[in-house]
Amino acid sequence: MFKIGCHLSIANGFLKAGKNIVELGGNTFQYFSRNPQGGRARPWDQLDFEGFMEYASYSGIEGLLCHAPYTLNACSANPDTREFARMVFKSDLEMLEHFPNALYNFHPGSHTGQGVEVGITQIVEILNEVIDPTMKTTILLETMAGKGSEIGRSFEEIAEIISRVTHNEKLGVCLDTCHIYSAGYDIVKNLDEVLNEFDSIIGLDRLKAIHLNDSMMPFASNKDRHAKIGEGTIGLDAIVRIINHPKLKNLPFYLETPNDDEGYKLEIALLKKYRTN
Ligand code: FE
Ligand code: FE
Ligand code: ZN
């Protein structure tokens, strides 16, 4: 089954978002755990959650992907920012335990001048503090474009974080097509090679979700600007190869393209048309 969806707001609750994704032709969606630029989470609404779970069970909605706010930076030079990251991780992970097997995606962080090694050490430290070995959620590290002091620009950096976390059976990876293309992984010309590299450095069994985005920026530019599907430097042909690749096709795909509902509806329809099974 083709698991396809997009980023949606849960400002009006999970049930509304669930109905919205079905309306758009999808069967899964990503949402922000809280205001992406701020800190506050929506208060937990048990009734809405139960309504959503029931709706999901008969409308064919599969697992959801929860995205941490952009303000979460586990490796900032500022200790207050790291403390905020710890608080957000703990409270988001607690909220996600309501779901059967949630996925929680975060940006590894920006070391803000401390250097990659210090940054990775701080990320590992926080992950070790917030991971409860009995939790049902899997935390995903997102592959990044490598702008500024971003960590997670290479498969090696992601693999190093994973290898140093004690309960790393709780960790996986979310691959963002725009980000890795900007980071210098040529998924347009050498998709198989890139996936083999991912497999040998991180392991494809860690790959749990795909952010499906075209890119406004050239290959290896380290810039993070998403484009609509088929309107960027990655292009429709490469994206069609990605959604149909035997090593990727069973993963959930989430669009984070610059679209309103109408645009997402068209992109989801387009991708379903090009999906081979
Ligand atoms: Fe992201
Ligand atoms: Fe992304
Ligand atoms: Zn991005």
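The values are calculated or read from the model by the stated rules, or taken from the named source; none is laboratory data. Model, not experiment: these values are computed from the prediction. Here the Cβ positions follow ideal geometry from the backbone for every residue, glycine too, while neighbour counts run over all protein chains shown. Keep in mind that these areas ignore ligands, DNA and RNA; they rest on the heavy atoms of the full protein, side chains included. Shrake-Rupley method; radii C 1.70, N 1.55, O 1.52, S 1.80 Å.
Considering SER163, SER182, SER200, the condition of being away from ligand 3 (no atom under 16 Å from the Cβ), in a helix (DSSP H, G or I) and closer than 24 Å to ILE234 by Cβ is satisfied by SER200 alone.
Filtered by the rule that a residue be touching a Gly at 6+ places or on another chain (Cβ under 6 Å) and closer than 15 Å to LEU207 by Cα, segment 91-140 gives THR138, LEU140. Of all residues in segment 43-54, those satisfying the criterion of being within 26 Å of MET1 (Cα to Cα) and crowded, with 16+ Cβ neighbours inside 10 Å are PHE49, GLY51, PHE52, MET53. None of ARG40, ARG34 is touching a residue at least 12 places away in the same chain (Cβ under 8 Å) and either more than 21 Å from ASP261 (Cβ to Cβ) or open to solvent by 20 Å² or more (accessible area, probe 1.4 Å) (or both) except ARG34. State whether one or more residues within segment 37-49 are of a type outside the set (Gly, Ala, Ser), within 16 Å of ligand 1 (Cβ to nearest atom) and under 19 Å from LEU171 (Cα atoms). Taking every residue of segment 37-49 in turn, none turns out to be of a type outside the set (Gly, Ala, Ser), within 16 Å of ligand 1 (Cβ to nearest atom) and under 19 Å from LEU171 (Cα atoms). The residues of segment 234-272 that are open to solvent by 20 Å² or more (accessible area, probe 1.4 Å), without any contact (Cβ under 8 Å) to a residue 60 or more places away in the chain and within 16 Å of ligand 2 (Cβ to nearest atom) amount to a single one, PRO258.
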